[in-house]
Amino acid sequence: MKYKLIIDKNAQDEITVIANAPSELTKRIENLVRSFSGSASDSVMGYRDDEMRRLSFRNIECITVIDRRVTAIDGDGNHYHIRERLRELEDTLPTYFIRINKSSIANEHCIARFDTVFGGGIDAVFSCGYREYVSRRCFAQIRRRYEDK
């Protein structure tokens, strides 16, 4: 791997990454660049009643499917409908969002704790109080992710 940084006060900011294949590193670089660019890619439009609001990814605790509609839940527990599909969102979300089951993606910074529930299941409890089921497969990946840190 080669790394090259050129600082020129007269040049316009430009970031170029040349890789032979997409990887976790290229995804992290892309998310980092997007988060500093101030572009619309660090937020999503949310709709509730007659209200339309731009939701910053940092303020979203969980994105889940409720009644066949993609819903974002913010730090205050407010539910906003999102017009994008969950798979489309997953490609644009920062790396601190993790899948917790087939129909939910969570902001790992907002998970307060994991609780075991009757029958051996596991729930993710968010800072706002919202609870969402964590599948066994996803929990194993989350555990590996935390062990690697």
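Taken together, the values in this text are just the output of simple stated rules run on the coordinates, not laboratory data. As the structure is a prediction and not an experimental result, all values here were calculated from the model. Heads up, the Cβs are rebuilt from the backbone with ideal geometry, glycines too, and the neighbour counts pull from every protein chain shown.
For the stretch 1-29, list residues with backbone N below 20 Å from a point placed 7 Å from the Cα of Thr95 toward its Cβ?
Label zone hits: 1-5, 15-29.
Under 20 Å from the Cα of Lys4, which aspartates and glutamates turn up, not counting those fewer than eight places away in the same chain?
Asp13, Glu14, Glu24, Glu30
At a 10 angstrom cut-off on C-beta neighbours, averaged per residue, how do the peptides 130-140, 109-119, 78-88, 11-21 rank from highest to lowest? Display every interim value, and only then the final one.
Working: 130-140: 16.1, 109-119: 11.7, 78-88: 14.3, 11-21: 7.1.
Highest to lowest by the protection proxy: 130-140, 78-88, 109-119, 11-21.
So what J values fall out for the stretch 52-67 if you push phi through Karplus, 6.51 cos²θ - 1.76 cosθ + 1.60 with θ = phi - 60°, rounded to Hz, Gly and Pro as x?
Using θ = phi - 60°, the values come out as 10, 9, 7, 9, 6, 4, 5, 8, 8, 8, 8, 10, 9, 9, 10, 6 Hz.
Using the Kirkwood radius over Cα pairs, work out the Stokes-Einstein diffusion coefficient for the chain at 25 °C and 0.890 mPa s, in µm²/s as a whole number.
Diffusion coefficient, whole number: 143 µm²/s.
Would you kindly derive the ³J(HN,Hα) couplings of the stretch 130-137 from the backbone phi angles with the Karplus curve 6.51 cos²θ - 1.76 cosθ + 1.60 (θ = phi - 60°), listing them in order in whole Hz, with x for Gly and Pro?
For the stretch 130-137, the Karplus curve yields 5, 10, 9, 5, 10, 6, 4, 4 Hz.
For a footprinting-style exposure proxy, rank Asp123, Asp91 by other Cβ within 10 Å, fewest first. Mind showing how you got there, number by number?
Working: Asp123 16, Asp91 9.
Taking fewest neighbouring Cβ atoms as first place, the list is Asp91, Asp123.
So who's got an amide H within less than 5 Å of the one on Ile122, skipping anything under 5 residues away but keeping other chains? H placed 1.01 Å off N, in plane.
Here Val117, Val134 satisfy the definition.
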